[in-house]
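Here the structure comes first, spelled out in structure tokens, and everything after it is commentary.
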Amino acid sequence: MKVLVTGGAGYIGSHTVLALLQQDHQVVVFDNLCNASEVPLARIEAMTGKHIEFFRGDIRDVAALDAVFGAHQFDAVIHFAALKAVGESTQKPLAYYQTNVHGSVCLLEAMQRHQVTDFIFSSSATVYGELAIVPYLESMPLGSPSSPYGATKVMVERIMADYAAANPEFRGVSLRYFNPIGAHESGNLGEDPKGIPNNLLPYLAQVAVGRRTHLSVFGGDYPTQDGTCLRDYLHVMDLAEGHTAALNWLADHPQQRGIEAFNLGTGQGVSVLDIIAAFEQASGVPVPYEIAPRRAGDLAAFWANADKASTMLGWQAKRNLTQMMHDTWRWQSQNPSGYSEE
Ligand code: NAD
Ligand code: UD1
């Protein structure tokens, strides 16, 4: 199949591009590089010996979208492009609605103009909102996330549902990611956040290579076994393979219409202290940390019920916590400054 991947130079996008090429799909990447560079794409070409066509463009730029859709007949679109920093979204909500919501509408409109029906969207566990009971199930209603970032994911899922109701040809899949971490096992691809990392693993890995002095553990008094929050961490290559599974599922089900949501997680809650211990064991490097105040907006514990993806897509997370930590460490120690040295 020929697939357009928006945001394909980013963290999850680049790993998914690799997984797509490994399954002999053709890939065109569309990315404005606001949070990425072309280096991972060059590395993927070197790893696979395959060509990736790259368009530098913004998903809000209608002419740029028409150029890429005019140049290729796509079988499907996988839509990663978005702004994703939860804290920043509370400071710059309009930028988040502009890129994540308006940008997604521009993309769907371009698909409609060019008669492309198959759409896979990067959603998040945050769509279940603050009141949902764990484990999260796809049959639960969309909730009210506390951040503008989370609200954009809920809005795009609603837009997909409305569009599907009006356009019977549309075949949309929302993949609700839990907490993707880790890196490709080669150490060539990984997460390279700009500035101070917001998320746990990139921060912890930068402490381990000496770029930061210590990790602050946000909250030690949650009602969990060790007092720190529980999350459902999954390996980014498992997540990437969730996208190829969804793509293949659409292709194998030509009668499928409308939208379908799938949780992509392991089904297990792991604490922050568990993560630190697992990382130290995998890397052999101590991670200095201190218990700090809670971070606003954090939930004590959530994890997925991932049975639907298993039953319908034949997808299950295969890689365990030890492998997630080994691969995080391999990436970070081989690329202490991320992609920026090239
Ligand atoms: P990322 O920032 O590494 O990747 C996003 C990519 O989109 C970047 O390459 C960026 O340059 C590009 N982009 C941003 N705005 C664009 C625009 N207007 N036009 C074109 N390209 C644009 O982030 P990621 O972690 O790979 O996340 C990918 C997707 O998955 C996002 O939609 C994110 O919201 C979603 N998601 C991520 C997580 C996570 O933990 N990383 C969890 C749940 C959902
Ligand atoms: C966050 C977002 C979520 C988003 C996801 C992926 C919030 C409230 N939620 O999830 O909407 O989909 O990122 O982008 O921001 N932690 C520390 N110290 C740190 C960093 C994190 O203790 O320096 C803890 C957090 O309190 C949390 C866990 O580590 O308990 C995981 O944090 P993080 O990686 O930011 O992911 P989430 O908060 O689960």
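A few notes on this one:
- Accessible-area value, HIS102, 1.4 Å probe, nucleic acids and ligands omitted, Å²: 80 Å²
- Relative contact order (%) - the chain, alpha-carbon pairs under 8 angstrom, separation at least six: 19 percent
- Amide H partners (placed H, <5 Å) of TYR289, local residues excluded: LEU215
- Rounded to the nearest 10 Å², the accessible area of SER174 at probe 1.4 Å: 10 Å²
- For the chain, the fraction of C-alpha pairs more than 39 angstrom apart is 9%.
- Zone residues, the range 111-135, relative to VAL62, backbone N less than 12 Å from point 7 Å out along Cα-to-Cβ: 113
- Global form of the range 84-141, assessed from the alpha-carbon gyration tensor, a/c cut-off 1.5: oblate
- Using only side-chain charges placed at the Cβ, +1 for Lys and Arg and -1 for Asp and Glu, the dipole size of the chain relative to its Cα centre rounds to 300 debye.
- Three-way shape call for the range 57-155 based on the alpha-carbon gyration tensor, with the a/c threshold at 1.5: oblate
- Of the chymotrypsin sites (Phe, Trp or Tyr not before Pro) found in the range 14-123, not one falls in a DSSP loop while having at most 15 other beta-carbon atoms within 10 Å.
- The value obtained for the range 164-218, namely the Cα convex hull volume divided by the number of residues, is 165 Å³ per residue.
- Using the Cβ-Cβ distance between GLU53 and SER186 with R0 set to 30 Å, the FRET efficiency works out to roughly 0.85.
- For the pair the range 59-89 and the range 225-270, the centres of their Cα atoms are 21 angstrom apart.
- The range 126-168 and the range 24-46: distance between their alpha carbon centers, rounded to Å: 29 Å
- Applying D = kT/(6 pi eta Rh) to the range 19-88, where Rh is the Kirkwood radius over alpha-carbon pairs, T corresponds to 25 °C and eta to 0.890 mPa s, the Stokes-Einstein value obtained is 181 µm²/s.
- Measuring against 31 Å, Cα to Cα, the residue pairs LYS2/LYS308; LYS2/LYS318; LYS92/LYS308; LYS194/LYS308; LYS50/LYS308; LYS50/LYS153 contain LYS92/LYS308; LYS194/LYS308; LYS50/LYS308; LYS50/LYS153 as the ones spanning a longer distance.
- Report summary: the helix-based calculation at 222 nm, which adds -39500 (n - 2.57) for every DSSP H run with n ≥ 4 and divides by the residues of the chain, gives -11000 deg cm²/dmol.
- Karplus 3J(HN,Hα) series, Hz, for the range 160-166 with 6.51 cos²θ - 1.76 cosθ + 1.60 (x for Gly, Pro): 4, 5, 5, 5, 5, 5, 8
- Ratio Rg/Rh, restricted to the range 200-336 and using Cα atoms, in which Rh is the Kirkwood radius: 1.05
- Per residue, in Å², the accessible surface of the range 26-147 once ligands and nucleic acids are set aside, probe 1.4 Å: 45 Å²
- Carbon and sulfur %, accessible surface of the chain computed with the full protein complex present, 1.4 Å: 50 percent
- Distance between the 7 Å Cα→Cβ label points at SER37 and GLN112: 3.9 nm.
- Stokes-Einstein diffusion coefficient of the range 186-277, Kirkwood radius over Cα pairs, 10 °C, 1.306 mPa s, in µm²/s: 98 µm²/s
- TYR177 long-range amide H proximity, modeled H, under 5 Å: SER123, SER124, ALA125, LEU264
- Under-5 Å amide H pairs with ILE120, H placed in peptide plane, nonlocal only: VAL77, ILE78, HIS79, VAL173
The values are calculated or read from the model by the stated rules, or taken from the named source; none is laboratory data. Since we're looking at a predicted model, the values are computed, not measured. Every residue, glycine as well, gets a Cβ built from its backbone with ideal geometry; the counts of neighbours run over all protein chains shown. Just the protein is used for accessible areas: all its heavy atoms, side chains included, with ligands, DNA and RNA removed. Shrake-Rupley method; radii C 1.70, N 1.55, O 1.52, S 1.80 Å.
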